[in-house]
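Written out below as structure tokens is the structure these notes cover.
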Amino acid sequence: MTAGETHRTIEATFRIERARLIAGLARLVRDIDRAEEMAQDALVIALAEWPRTGIPANPGAWLMTAAKRRAIDTIRRDTMRSRKHAEIARELDGAVDDPAEAIEASMDDDLGDELLGLLFTACHPILSAEARAALTLRVIGGLTTDEIARAFLSNEPTIAQRIVRAKKTIGKAGIAFAVPRGAERAARLASVLEVIYLIFNEGYAATAGEDLVRPSLCMEAQRLGRILAGLMPQDAEVFGLLALMEIQASRLHARTGPDGALLTLTEQDRTRWDRLLIRRGLDALARAEALGGADGPYALQAALAACHARAAKAEDTDWARIASLYDRLRDVMPSPVVDLNRAVAHCMAFGPEAGLKLVDALADAAALRNYAPLPAARGDFLFRAGRLAEARTEFEAAAKLTRNAREVAFLVARAEACGA
Amino acid sequence: MRVMVFVKAGEDTENGVPPAAEAFAAMDRFTEELVNAGVLVAGAGLKPSASAKRILVDGAARTVIDGPFAEMREMVAGFSIWEVKDMDEALAWARRCPNIMAVPSAVEIWPFIEAEDLAAPRDGERSRLGVA
């Protein structure tokens, strides 16, 4: 191997180990910044030694040992120096805990859940959702602040500051870098899942732009979901979220037309859906259900996505099942938007009258005032029921509420199709 | 990016010689590492070529040839699909793959053609994207 190749191999190996390394070190020193520095030190040592010795059989353990040794050396040196400078404090010597000894004592520790502990810490509810997402992408995903800034359509100083503040908040609160137990666990896991899904949606919602970083956010979120599923194989909602992400991601390449405009599910060319991801999604959903989590909010959303994934043609869609899934989703995740989608599903499954009955009950929902999809859906139900004049009024109202030019054109065309 | 990893066949896999217990355990540990790193997307081991079939395609003609096949170098004993950041990372993982055979063998990494690699996917290219 050339020196350049060796260097790249070492860096790639380090990237694989980095999150776990930081996790182990952070648990030890209770400081993410310091853990990142120690990990970086270990990389420097590896770059100096591995070209000579070759890559060790267990690079993760090697890097961890190197980082800890270096930390011990640094602490010992600092202690010596401060002793010289402060002879008066001699009486304190011995009374103070020796941090170098603490690290030495942990030299052979191998706590398998360190990475999970770091993930739970980075996603602690004490932080805002944006801060949690940025910190998670940085320390677990290994993204640079610049990559995170581009992904969130922000700038580097803002993201860098967000991460610095998040680390400080965690330090001040004295969070234990561990997976919480008991009653706290469920709430904290919900916070982790929320962050992963936020990262996914940030990538999925991107409709335009040449920047490939945003779609790659979906991949990063899927990777986090897969890691979590590997580490928490008994948690149904982890698999529910993983299933939801895998199935939604299967449509990434089919979601835009030649002109770059978003296509609805019925318009998409289903032969372009990624079969491998659909299969993985369906497997994860089956696992969530087998673990007794069929009624979890993520599992239900995944089950909805699965109904579409299973239909080779839009006409094959099992709307009755979708309607019943929305009935259940409404119980665990009440929201006017879920109610509206439920009305659409009932219209498709049981006819326009069923849809109208549900959508009319929503007319007063404050959250849906000025929400174009509401009159658009009502217009569609009325159109299907043959009440064309009323449908036209609804489509026109919806067009007025939409800013997206393509949607306006679509709604105007639908209004015109109703006749004068 | 996604890569397809082929574990090439060797005399052992072709003769159906099962790997030693330690080799199995090492492979399980490696697989677990891949899963826990969120890298493994799919994978499977394949039976010896004695149970395989080869379909020769020439114009409209199709000729079926039953295994076993002779050219060991062209055969595959197993595959997996990994999701990695780049080829360097794929290579770093592949170097860790334990050797379960007593004879020399090989592992190959082939990157997928991704949507970005095609200016405008045409119908005929869909199958190359792995999207049926």
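Values for this structure:
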| quantity | calculated |
| --- | --- |
| Theoretical FRET efficiency, 1/(1+(r/R0)^6), r = Cβ-Cβ of residue A:165 and residue A:319, R0 56 Å, to 0.05 | 0.75 |
| Label-point gap, in nm, between residue A:412 and residue B:53 - each point 7 angstrom along Cα→Cβ | 5.8 |
| Cα pair distances in the range A:316-361, grouped into 10 Å bins until the bin that holds the longest one, percent each | 33, 56, 11 |
| Label-point gap, in nm, between residue A:7 and residue B:106 - each point 7 angstrom along Cα→Cβ | 2.9 |
| Nearest-20 debye value, the protein assembly as shown charge dipole, Cβ charges on Lys, Arg, Asp, Glu | 780 |
| Given charges at beta-carbon only (K, R positive; D, E negative), |dipole| of the range A:123-232 in Debye | 580 |
| Lys/Arg +1, Asp/Glu -1 at C-beta; the protein assembly as shown dipole; positive extreme among B:15, A:379, A:119 | A:379 |
| Rg followed by Dmax, in Å, when chain B is reduced to its Cα trace | 16.9, 49 |
| Between the range A:223-273 and the range B:31-51, the alpha-carbon center distance in angstrom | 22 |
| Partner chain coverage, peptide A:222-235 - average Cβ within 10 angstrom | 3 |
| Alpha-carbon centroids, the range A:359-396 and the range A:29-64: separation in whole Å | 61 |
| Over the range A:258-317: Kirkwood hydrodynamic radius from C-alpha pairwise inverse distances, Å | 12.7 |
| Efficiency of FRET from Cβ geometry, residue A:113 and residue A:49, R₀ 41 Å, rounded to 0.05 | 0.90 |
| For the range A:285-403, alpha-carbon Rg over 2.2 N^0.38 Å | 1.14 |
| Size of electric dipole in chain B: Cβ of Lys, Arg +1 and of Asp, Glu -1, about Cα centre, debye, nearest 20 | 300 |
| Out-of-range pairs (alpha-carbon distance over 31 Å; input A:167/B:85; A:313/B:47; A:68/B:8; A:313/A:357) | A:313/B:47; A:68/B:8 |
| Dimensions (Å) - the range A:346-413, Cα atoms, principal axes, largest first | 32, 27, 20 |
| Of A:1, A:389, A:347, farthest towards positive along the dipole that unit charges on Lys, Arg, Asp, Glu beta carbons give the protein assembly as shown | A:389 |
| Rough spin-label spacing in nm, given labels placed 7 Å along Cα→Cβ, for residue A:384 and residue A:234 | 4.4 |
| Residues residue A:363 and residue A:216, FRET efficiency given R0 of 45 Å [Cβ-Cβ distance, rounded to 0.05] | 0.65 |
| Selected from B:80, A:276, A:306, residue furthest toward positive end of dipole (the protein assembly as shown; charges at beta carbon) | A:306 |
| Full-stretch length increase - residue A:201, residue A:58 - with 0.36 nm per residue and alpha-carbon distance subtracted | 47.9 nm |
| Cα-based Rg of the protein assembly as shown normalised by 2.2 N^0.38 Å, two decimals | 1.15 |
| Exposure rank, largest accessible area first [B:51, A:335; 1.4 Å] | B:51, A:335 |
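The values are calculated or read from the model by the stated rules, or taken from the named source; none is laboratory data. Everything numeric here is computed off the predicted structure, so don't read it as measured data. Backbone-built Cβ (ideal geometry, glycine too); neighbour counts: all protein chains shown. What goes into the accessible areas is simple: the full protein's heavy atoms, side chains included, and nothing from ligands, DNA or RNA. Shrake-Rupley method; radii C 1.70, N 1.55, O 1.52, S 1.80 Å.
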